[in-house]
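Heads up: the structure comes next, in structure tokens.
The values are calculated or read from the model by the stated rules, or taken from the named source; none is laboratory data. Keep in mind it's a predicted model, so treat the numbers as computed, not measured. Every residue, glycine as well, gets a Cβ built from its backbone with ideal geometry; the counts of neighbours run over all protein chains shown.
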Amino acid sequence: MTFSSHIDISSRGFADIIDITSRVEAALNESGMRDGIVSVFVVGSTASITTIEYEKGVIEDLKDAIERMAPMGIPYKHDSRWGDGNGFAHVRAALLKPGITIPVIGGSMVLGTWQQVVLIDFDNRPRNRRVVVQATGER
């Protein structure tokens, strides 16, 4: 059995980190799936899906690490070609990836106590994002 749904999210950009765990859980509950996997994928090339402890300190630590990894204030060839100034966002999203797969057992995602599913929008402006949630398994 496969079930597909989506979540629409407004974000602020600039490494805006949004906890979407409860929304993914709601989609999984709607699917009725008991055992299998759930795939969570953001459409677009300047955002990512990952897991993290959604706590102020670690969120700031992640933002700082991302800035060190692919800083905003350096030249990117993408910016020279397109002039949109978001080359850093494309690089960050490519490094963190657009999606994850989570095991589902007994109708629940297998996540650690402090592990939440988050959308990170790296673009240089607010965006409306679509996250596709697809559950595959048995009812």
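Remarks
- Within the range 79-109, being within 30 Å of GLY137 (Cα to Cα) and part of a helix (DSSP H, G or I) holds for ALA93, ALA94, LEU95, LEU96.
- Count of the range 70-103 residues, restricted to those that are more than 18 Å from the chain's Cα centre (by Cα) and not small (Gly, Ala, Ser), is 11.
- Look at the range 61-80: where a residue is among the acidic types (Asp, Glu) and a partner is assigned to a helix (DSSP H, G or I) and surrounded by 10 or more Cβ atoms within 10 Å (Cβ to Cβ), sitting 6+ places away or on another chain with Cβ atoms under 7 Å, you get ASP79/GLY87.
- Condition met for ALA70 (surrounded by 18 or more Cβ atoms within 10 Å (Cβ to Cβ) and either modelled with pLDDT of 95 or more or touching a helix residue (DSSP H, G or I) at 6+ places or on another chain (Cβ under 8 Å) (or both)): yes
- Matching residues, the range 35-57, being part of a loop (DSSP other than H, G, I, E, B) and either touching a Ser or Thr at 6+ places or on another chain (Cβ under 9 Å) or acidic (Asp, Glu) (or both): GLU53, TYR54, GLU55
- With respect to (1) over 20 Å from SER11 (Cα atoms); (2) surrounded by 12 or more Cβ atoms within 10 Å (Cβ to Cβ), the lone exception for PRO75 is condition (2).
- Every condition in (1) at pLDDT 95 or above; (2) surrounded by fewer than 17 Cβ atoms within 10 Å (Cβ to Cβ); (3) of a type in the set (S, T, N, Q) is met by GLN134 except one, and the failing one is (2).
- Residues in the range 1-25 that are polar (S, T, N, Q) and part of a strand (DSSP E or B) were compared, and the one that is farthest from ASP121 (Cα to Cα) is THR2.
- Scan of the range 89-114 for residues that are surrounded by 15 or more Cβ atoms within 10 Å (Cβ to Cβ) and more than 23 Å from TYR54 (Cβ to Cβ), ordered by number: HIS90, VAL91
- Per-region count, the range 2-60, residues surrounded by fewer than 17 Cβ atoms within 10 Å (Cβ to Cβ), in contact with a Lys or Arg (Cβ under 7 Å, 6 or more places away or on another chain) and at negative phi: 4
- Among the residues of the range 23-50, the ones that are among the hydroxyl-bearing types (Ser, Thr, Tyr) and either in contact with a helix residue (DSSP H, G or I) (Cβ under 9 Å, 6 or more places away or on another chain) or free of Cβ contacts under 8 Å to residues at least 40 places away in the same chain (or both) come to 4 in all.
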